[in-house]
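The values are calculated or read from the model by the stated rules, or taken from the named source; none is laboratory data. Bear in mind the structure is a predicted one, so any value in this text is a computation, not a measurement. Cβ coordinates were reconstructed from backbone atoms using ideal geometry, including for glycine residues, and neighbour counts include every protein chain displayed.
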Amino acid sequence: MSSRANGVAPPSFEEAHNQRQKARAAGLHPDYWYAVEFDRAVRCRKVVEVRFWGQSIALYRDAEGTLHALENRCAHRQLKLTLGLVEGCNLTCEYHGWSYDGDGKVTHIPHELFGKPMLKVQIRSYPVKVKHGLIWLFMGDPDLAEDRAIPEIPELEGRKPWACVPIDFKWKAHHSMIFENIIDFTHAFLHRSYRPFVGAKLTQCETVDDRVLLGYETQVGKGPISGLFVDRNRVDTNSMKLGVDYPYQWSDTGGKIKHWCFILPEDERTSRCFFLFYFDAFKIPLLPLRLPRWLMRPFLRVARWLLIKPLLEQDGFAVEAEQQGYERHFDAPMFEVNPVVGHFQRLVIRKWEEGAARAPFSRDPIGERDDNAPLPRRG
């Protein structure tokens, strides 16, 4: 059997022989907005590195508080710009001090130019937005950025937003494995100590355009601790709707318990996942009373560490182990029983076939280059 252990890597998208192998090699279409960092994590005059499918981006907030995203390399000697510093509204390379504005144009070179005029050089910049407490980048064709929408979450807006738990993980697993983990409820055994869903029966499974829509009959929130806070008189916890609105994932329990998951594919085997869990109300254990809204946020901060984080860490353990297993046994027979997996895999393959034909990344700076001159021929 072929395996990574004896020197054979899993096939590329073009080399894949079946649907699973294609799904495991597919990237995510670049012409969408992708969450890359929490807004609070990038302070004024700070620069951080984020990655999308192997491409490194320098994300920085200038002295005026405006966010910018540039290809993470100096056009001069190719050093990462994240090794440099933010000066005013510009990002300056640490090596020779070449300074770039938010559009990626070189605005200042502090050293001698040896009689040459100021170079006209520009590296790629990326559209940036802030929404739902997250920083979003558009990695594809910038002319399409305004035509693509970041998911609206009205429950988090307005005068009385719902209580929300934002949490993120970086897992050593391909993004398709993570999507499948979230939408396939046959893995309830993994969560037997927390029991977030029990006895799931698939009631809906269909692909509509770029969406996979699912429904399960299942007992939601049956854990020994979490179950005490679920208000079953106000919330229908006997079923759950969920789906993939490519490239995002969501769920809805009774219109009162919801979540979104935004996955950033850093490379072929590394994914960063941003989860937003938000809730309309909880009940006070053993009493028919709702938890006051002012108390929900501190309650959720505790629940984040005691319940939500350890529950999702079980998923992280599983998908990382699945990644390792796939790399060793990628050509072994696969016995899949839940049809939602097939629906999702066909969607992610189709969208990657659409996106892979594009050229989302520009590797060369725009402008003058002396090193393009042909070398003298010998003899």
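Determine, yes or no, whether Glu155 is within 27 Å of Phe279 (Cβ to Cβ) and in contact with a Pro (Cβ under 7 Å, 6 or more places away or on another chain). So Glu155 passes the test. Residue check: is Val128 under 17 Å from the mean Cα position of the chain (by Cα) and at pLDDT below 95? When the stated conditions are applied, Val128 does not pass them.
The condition (being among the hydrophobic types (A, V, I, L, M, F, W, C), modelled with pLDDT of 95 or more and touching a Lys or Arg at 6+ places or on another chain (Cβ under 8 Å)) is satisfied by just one residue among Ile150, Ile178: Ile150. Here Glu87 does not qualify as over 23 Å from Ala356 (Cβ atoms) and either modelled with pLDDT under 95 or in contact with a helix residue (DSSP H, G or I) (Cβ under 6 Å, 6 or more places away or on another chain) (or both).
So that you can scan it fast, the table gives a plain yes or no per residue for (1) over 24 Å from Pro339 (Cβ atoms); (2) touching a Phe, Trp or Tyr at 6+ places or on another chain (Cβ under 9 Å); (3) without any contact (Cβ under 8 Å) to a residue 24 or more places away in the chain; (4) not aliphatic (A, V, I, L, M):
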residue	(1), (2), (3), (4)
Tyr216	no, yes, no, yes
Gly223	yes, yes, no, yes
Ser226	yes, yes, no, yes
Met240	no, yes, no, no
Phe262	yes, yes, no, yes
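The condition (being in contact with a strand residue (DSSP E or B) (Cβ under 7 Å, 6 or more places away or on another chain) and at pLDDT below 95) is satisfied by just one residue among Lys241, Lys222, Lys201, Lys160: Lys222. Residues of region 23-51 that are part of a strand (DSSP E or B), out of contact with any helix residue (DSSP H, G or I) (no Cβ under 6 Å at 6 or more places or on another chain) and farther than 30 Å from Phe330 by Cα: Trp33, Glu37, Phe38, Lys46, Val48.
Of the listed requirements (1) closer than 18 Å to Asp267 by Cα; (2) over 21 Å from the mean Cα position of the chain (by Cα); (3) not in a loop (DSSP other than H, G, I, E, B); (4) not aromatic (Phe, Trp, Tyr), Val86 misses just one: (1). Just one of the listed residues (Ile183, Ile153, Ile167) is in contact with a His (Cβ under 7 Å, 6 or more places away or on another chain), of a type outside the set (S, T, N, Q) and in contact (Cβ under 8 Å) with a residue 24 or more places away in the chain, namely Ile153.
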